[in-house]
1. State the extension gain, in nm to one decimal, for the chain segment bounded by residue 85 and residue 43, taking 0.36 nm per residue of separation less the distance between their alpha-carbons.
2. Report, to the nearest whole %, how much of the accessible area of the range 75-162 belongs to carbon and sulfur atoms, 1.4 Å probe, protein only.
3. What number comes out for the charge environment of residue 129, summing +1 per Lys or Arg and -1 per Asp or Glu over other residues with Cβ under 13 Å away?
4. Determine, for each peptide in 169-177, 211-219, 41-49, the mean count of other beta carbons within 10 angstrom over its residues, then list the peptides with the highest first.
5. How high is the FRET efficiency from residue 144 to residue 76, r the C-beta distance, R0 25 Å, rounded to 0.05?
6. Work from the charge dipole of the range 74-203 (Cβ charges, +1 for Lys and Arg, -1 for Asp and Glu, about the Cα centre) and give the residue of 164, 113, 94 farthest towards its positive end.
7. If you roll a 1.4 Å probe over the heavy atoms of the protein chains, what accessible area per residue do you get for the range 60-153, in Å²?
8. Is there a pair in 147/182; 93/202; 85/214; 83/214; 182/222 whose C-alpha atoms are over 18 Å apart, and which pairs would that be?
Amino acid sequence: MRLVFACAILAAGLLASAGCGGSSQKDKNQPAANAAPAVSPDEVGPMDMVLGKMDAPVTLIEYASVACPVCAAFDQQILPDVKTKYIDTGKVKLVFRELPTHAPALAYVGEMVARCVAEKKGEAAYFDVVETLFRTQEDWVDGDGPKAALAKIAAENGVDAASFETCIHRQDLVDLINNMVKVAADSHGINGTPSFIANGEKIDGFTNIDDFEKKLDAALGKASGGEGKS
């Protein structure tokens with residue numbers, strides 16, 4: 001199935017209002033950038049959320065926004081097969097990094113909720129929340145009550161109302177997400193979502209699962225000492 005990669009950050013400095021029909025003016029509600037905590041461009045760090053085996057030969061970093069409809073399409077149309085063929089078999093580990101686009105103020109909140117759930121229940125719960133956020137975008141991104149919809153998702157994953165309010169005002173999580181954006185832009189020139197890095201190399205030019213798997217096969221070939229196929 002074809003994916004049209006249309007969610008983009010219109011960068012002005014570090015963070016700007018997102019593409020996918022968004023304005024280029026900075027969102028007055030969007031948090032300011034901050035240098036800490038540190039994020040490694042191509043290596044798994046202590047703040048990264050990882051799906052798969054840590055010793056997998058290919059590290060696939062996905063920069064995505066939980067509010068981006070194209071990211072949701074990837075999650076629903078391509079990721080399941082990638083998980084079955086590459087992640088579950090120990091060939092690839094997926095590192096999900098937050099890069100708020102489309103509705104950035106809402107994306108920040110959704111991504112912070114996923115982080116807070118992970119603190120309570122672990123990395124697997126983080127990916128469960130991310131999948132739920134993708135699947136229910138029409139409720140919390142396009143709906144009339146986004147905060148209530150996000151609070152409901154948080155509650156369903158063990159974060160009560162008081163903890164939810166604390167979570168969405170945590171500056172440390174804002175700083176972390178801001179630094180994800182900075183690393184993406186500074187290290188690989190990434191200005192849109194979803195974007196992918198496989199063992200340090202940016203994946204470009206794919207529109208369907210077959211194309212994407214060819215890119216992963218090429219990365220695996222290089223990791224094993226072969227030339228791989230692109």
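The values are calculated or read from the model by the stated rules, or taken from the named source; none is laboratory data. Everything quoted here is computed from the prediction, not taken from an experiment. Neighbour counts are summed over all protein chains in view; Cβ atoms, including those assigned to glycine, are modelled from backbone coordinates with ideal geometry. Each accessible area value is taken on the protein alone, full model and side chains, heavy atoms only, with ligands, DNA and RNA left out. Shrake-Rupley method; radii C 1.70, N 1.55, O 1.52, S 1.80 Å.
1. Taking residue 85 through residue 43 to full extension adds about 12.9 nm, to one decimal.
2. Using a 1.4 Å probe with all protein chains present, the range 75-162 comes out at 50 percent carbon and sulfur.
3. Around residue 129, the surrounding residues sum to -3.
4. Working: 169-177: 16.9, 211-219: 19.1, 41-49: 14.0.
Answer by packing, highest mean first, reads 211-219, 169-177, 41-49.
5. 0.55
6. 94
7. 34 Å²
8. 147/182; 182/222
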